[in-house]
Protein chains: 2
Amino acid sequence: MFYCSKCGARVTEKIPAGDDRPRHVCVACQTVHYQNPKIVAGCIPVWENRLLLCQRAIEPRQGLWTLPAGFMENGESTEQAAVRETLEEARAEVGELSLYGVFSIPHINQVYMMFRGRLQARKFAPGRESLEVKLFEEHQIPWEELAFPVVRLTLERYFRDIRTNHFPVYVENIIRHPARKV
Amino acid sequence: MFYCSKCGARVTEKIPAGDDRPRHVCVACQTVHYQNPKIVAGCIPVWENRLLLCQRAIEPRQGLWTLPAGFMENGESTEQAAVRETLEEARAEVGELSLYGVFSIPHINQVYMMFRGRLQARKFAPGRESLEVKLFEEHQIPWEELAFPVVRLTLERYFRDIRTNHFPVYVENIIRHPARKV
């Protein structure tokens, strides 16, 4: 951020009076431009003993497999966001959503809100951001070709919990591995 | 938003190619400036059969009572945000956090993440944004002087659940009452 979105003047980084961390502050109108984490809402779409994964058509991680998920929009609820993303990426309708995981990823300023949901029909197709959309049984999951750590974490929890049919709500953090560059 | 924070040119509202809703787009460098909901992380700080409320020193709702809560910052987890806000507003240390409510408020683009937490000592004091900080038993709660609907909702759930000592995770939405102007 280099310019004030309100008046167009330059911004500088400084700690505003009464604050405790540097912010982007306009040199002209003094507006403080806060930056906050974003919510990524997503879903495990379940059909009988299978779940739906999407093969990513776009970067990052093009060609790898993911659960439908994306940035929550203004004006919607977390469940609405998860339902919309599933419709957009997998052209699939999910219902009966239950919150399953709240996964903070501090180093990229994201909080994933993952729901379990039931496919309302055996109907799905690749959306704009997907190459392919497919139902997987547990033994078919492409563990080595998952797009993001949060997808692996969610699926690991899910396939553990399905044995007992007990699904708590996980609140966990995904910390960057120190040796990893990305 | 009137100016591009990247290059300082004007922004215009339009639907970018492949998108489905209007965004602020820079007329010069074409950067799309997305706006997304913010997370407000907060806590019910519990001490024996009482809980801690803060009387707001600042607008909005100055003078009314609230649970410690505030905007989650980049680089932290949701629990860290709730702990930090409790420290800032009530000068109180909480531990053993459990997620209790995820409350979407679509008309103000906020998602509250409310935790239950245990006060680590009977030690608290007003922070910069509080006039007073006080422990309340259930019959002492100032129901008519609560700052926000989300605070009332959280406390109502809490005092219902404490009778059974069973605390689920609530995922609910707070919809603006059509007759209300604010």
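Test B:Gly63 against the stated conditions and say whether it is within 11 Å of chain A (Cβ to nearest Cβ), out of contact with any His (no Cβ under 8 Å at 6 or more places or on another chain) and at positive phi.
When the stated conditions are applied, B:Gly63 does not pass them.
Is there any pair with a first residue in segment B:135-148 that is more than 18 Å from B:Gly42 (Cβ to Cβ) and a second that is loosely packed, with under 15 Cβ neighbours inside 10 Å whose Cβ atoms are under 7 Å apart and which are 6 or more apart or on different chains, and what are they?
Pairs found: B:Glu137/B:Asn49; B:Glu138/B:Phe159.
Every residue in segment A:160-178 that is exposed (fewer than 13 other Cβ atoms within 10 Å of the Cβ) and not in a loop (DSSP other than H, G, I, E, B), please.
Of everything in segment A:160-178, just one residue is exposed (fewer than 13 other Cβ atoms within 10 Å of the Cβ) and not in a loop (DSSP other than H, G, I, E, B), namely A:Arg160.
Those residues that are over 21 Å from A:Ser98 (Cβ atoms) and either β-branched (Val, Ile, Thr) or touching a His at 6+ places or on another chain (Cβ under 6 Å) (or both), I need them from segment A:121-173; list them, please.
Of everything in segment A:121-173, just one residue is over 21 Å from A:Ser98 (Cβ atoms) and either β-branched (Val, Ile, Thr) or touching a His at 6+ places or on another chain (Cβ under 6 Å) (or both), namely A:Val133.
Hey, among B:Gly95, B:Gly117, B:Gly70, which residue is within 11 Å of the chain's Cα centre (by Cα), more than 9 Å from every other protein chain (Cβ to nearest Cβ) and either among the aliphatic types (A, V, I, L, M) or assigned to a strand (DSSP E or B) (or both)?
Residue meeting the stated conditions: B:Gly70.
Looking at A:Val111, A:Val133, which is the one that is of a type in the set (Val, Ile, Thr) and either outside any strand (DSSP E or B) or within 9 Å of another protein chain (Cβ to nearest Cβ) (or both)?
A:Val111
Taking segment B:1-50 as the region of interest, how many residues are more than 12 Å from chain A (Cβ to nearest Cβ), closer than 23 Å to B:Val151 by Cα and among the basic types (Lys, Arg)?
The total comes to 1.
Do we find a residue being touching a Gly at 6+ places or on another chain (Cβ under 7 Å) and farther than 17 Å from B:Ala81 by Cβ anywhere in segment B:115-127?
Checked against the condition, which is being touching a Gly at 6+ places or on another chain (Cβ under 7 Å) and farther than 17 Å from B:Ala81 by Cβ, segment B:115-127 yields at least one hit.
With the requirement that a residue be closer than 14 Å to A:Val133 by Cβ, surrounded by 16 or more Cβ atoms within 10 Å (Cβ to Cβ) and among the small types (Gly, Ala, Ser), what does segment A:43-85 give you?
Within segment A:43-85, just A:Ala69 meets the criteria.
Yes/no matrix, rows are residues, columns are (1) within 18 Å of A:Pro37 (Cβ to Cβ); (2) not aliphatic (A, V, I, L, M):
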site: A:Gly63; (1), (2): no, yes
site: A:Leu67; (1), (2): no, no
site: A:Met72; (1), (2): yes, no
site: A:Ala92; (1), (2): no, no
site: A:Glu96; (1), (2): no, yes
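Just wondering, is there one or more residues in segment B:88-101 that are out of contact with any helix residue (DSSP H, G or I) (no Cβ under 6 Å at 6 or more places or on another chain) and on the phi > 0 side of the Ramachandran plot? Spell out how you get there, then give the answer.
Kept after step one, since they are out of contact with any helix residue (DSSP H, G or I) (no Cβ under 6 Å at 6 or more places or on another chain), are these residues of segment B:88-101: B:88-91, B:93, B:95-96, B:98-100.
Cutting the leftovers down to on the phi > 0 side of the Ramachandran plot gives us B:91, B:96.
Checked against the condition, which is being out of contact with any helix residue (DSSP H, G or I) (no Cβ under 6 Å at 6 or more places or on another chain) and on the phi > 0 side of the Ramachandran plot, segment B:88-101 yields at least one hit.
Name the pairs: first residue in segment B:107-118 and at positive phi, second residue not in a strand (DSSP E or B), Cβ to Cβ under 8 Å, at least 6 apart or on different chains?
Once the first residue is at positive phi and sits in segment B:107-118, its partners that are not in a strand (DSSP E or B) give B:Asn109/A:Asn74; B:Asn109/A:Gly75; B:Asn109/B:Gln35; B:Asn109/B:Asn36; B:Asn109/B:Pro37.
Taken together, the values in this text are just the output of simple stated rules run on the coordinates, not laboratory data. No experiment lies behind these values; they were computed from the predicted model shown. Here Cβ is always computed from backbone atoms with ideal geometry, including for glycine, and neighbour counts include all displayed protein chains.
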